[in-house]
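Values in this text are rule-based calculations from the coordinates and carry no lab data. Worth saying up front: this structure is predicted, and the values here are computed from it rather than measured. Heads up, the Cβs are rebuilt from the backbone with ideal geometry, glycines too, and the neighbour counts pull from every protein chain shown.
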Amino acid sequence: MKDIKYPPVQNYIGGKFVTGSGESFDVFSPLDGTVIAQSNLSTKADVASATGAAKLAFPAWSAMPIKERVQVFFKYKTLLEKHSKELSELIQEENGKTFSEAQAEIDKSIELTEFACSMPQLASGELLEVSRGVECRIERYPVGVVACITPFNFPAMVPNWTIPNALVLGNTMILKPSELVPLSANRIAQLLKEAGLPDGVFNIVHGTKEVVEAICTEPLIDAISFVGSTKVAKIVYALGSSNFKRVLALGGAKNHLFVLPDAHPGMAASNIAASMSGCIDKLCDEARKIIPGHNLGAVISAEAKARIENYITEAENAGAKILVDGRHYVVAGKENGYYVGPTVIDDVTADMKIAQEEVFGPVLAILHTETLENALAIQKKSPYGNAASVFTQSGGAAHYVSEHASAGMIGVNIGVPVPREPFSFGGWNDSKFGVGDLTGKSSIEFWTKLKKTTTKWNPEAQINWMS
């Protein structure tokens, strides 16, 4: 084996990098299939060690005034900006996406951190005189030790959905990133330490199923956030909740795009083509402009490539028509990379597997319906409810879809309707388990708990039913 580019991936516990106690694991770059690092997976004992460090750090960190905690994240934001190119290249190498997509992750991480820096104004509590001489005060307190389990598709952005908000609000954290993309998480740990975050406030434990189960059952962990597949989200929510933890688990998606007859052809075609990586010919033309290795990245693994291509083949065998075929794509000079070209499939029916399950690749399935109501009926039958978009020039039709689609995020002439801060990301149905949000202003409710104090100091105040 050639020299491995990066040093061994270690856990980050109590401000130090330490080797996990589990077996060794190769980290591959999807760009060319080479091993770029080796990681030692972790065990239940490693989770207990990280939790102990977080628990030890909690009293001092949570007692620090929020205006002092936030100073760390002003510095962290500056470091994200300073190292933006390096971080983007790291994401590209371990995840396979294009540099511009990786750069967008860092830009979003900067925005998320910037929003967290406004928490002293947003989470300041309330005070009200509720009766003569009697006042009620509401203050927010951190939940405690929290754990965040994040996926491979956004190695920096999804961790930063949780890190700035949760820590600024006084919690301490254990992060379990996807074992497929461990490098970005460890670099984030280094930047947080450089920004002045006290040791033990933020910890990383690398691993797979054993680590997730340990997090869900660890008595000292008070809350868990999860982002990943619906199958695992259900397991995490059930196991974590049954162990009396606050849990918010975001699952998969099967986002529906409604293209109405009056949609602007150019805008709809380019936006829909971009969102997967009525003028079907133009959509195919736009899809063919998306070139793997140029403006389309690799998929995460050889297994993912095989799974995506199998979805395409199954649809073809079931009677669908492949208009643009991205199977068996090879990028010159990167023949061992994991690439799937843009794929457009027409004449898909609602009962086909590709219409029901999340493909997680640059594949667009087209279903034809006679009416908007029929299209909405198809969307509502999906168990998922992450997002839906409508392409139209009619305000009335756009409002109708927005009102009736069963999804937590709606786009109008926007293919990927992800809100920007302070609005939160989140879906409905089997795309979300638990109450609250991980991002945006509404995330404050998940990352804190309320204390209510009622006070009467004035003995001359009128006596009434509450005093």
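List of remarks:
- Spin-label model, LYS16/ALA104: points 7 Å from Cα along the beta carbon direction are separated by 4.2 nm.
- Residue-count net charge about LYS82 - beta-carbon cut-off 11 Å; Lys, Arg +1, Asp, Glu -1: 0
- Taking 24 Å as the limit for the C-alpha separation, the pairs LYS231/LYS380; LYS67/LYS449; LYS234/LYS380; LYS176/LYS452 exceed it in the case of LYS176/LYS452.
- Chymotrypsin sites (Phe, Trp or Tyr not before Pro) restricted to region 405-440 and DSSP loop, no more than 16 other C-beta within 10 Å: PHE423
- Residues of region 77-106 falling in the label zone of ASP3, defined by backbone nitrogen less than 16 Å from a point 7 Å along Cα to beta-carbon, are absent.
- Placing a pseudo-label 7 Å from each Cα along the Cα-to-Cβ vector at GLU314 and ARG137 gives an inter-label distance of 5.9 nm.
- The packing ranking of peptides 375-383, 395-403, highest mean first, is 375-383, 395-403, where packing means the average number of other beta carbon atoms within 10 angstrom of each residue.
- Our estimate of slack between THR349 and VAL418, defined as 0.36 nm per intervening residue step minus the Cα-Cα distance, is 22.1 nm.
- In this simple spin-label approximation, SER118 and LYS452 carry label points 7 Å from Cα along the Cα→Cβ vector, and these lie 2.8 nm apart.
- Per-residue ellipticity at 222 nm from helix content only, as computed over the chain with -39500 (n - 2.57) for each DSSP H run of at least four residues, stands at -12000 deg cm²/dmol.
- Its convex hull of Cα atoms gives region 256-412 a direction-averaged projected area, equal to a quarter of the hull surface, of 8.9 nm².
- Taking only the C-alpha atoms of region 105-228, Rg followed by Dmax gives 16.9, 60 Å.
- Calculated on the alpha-carbon coordinates, the convex hull of the chain measures out at 165 cubic angstrom per residue.
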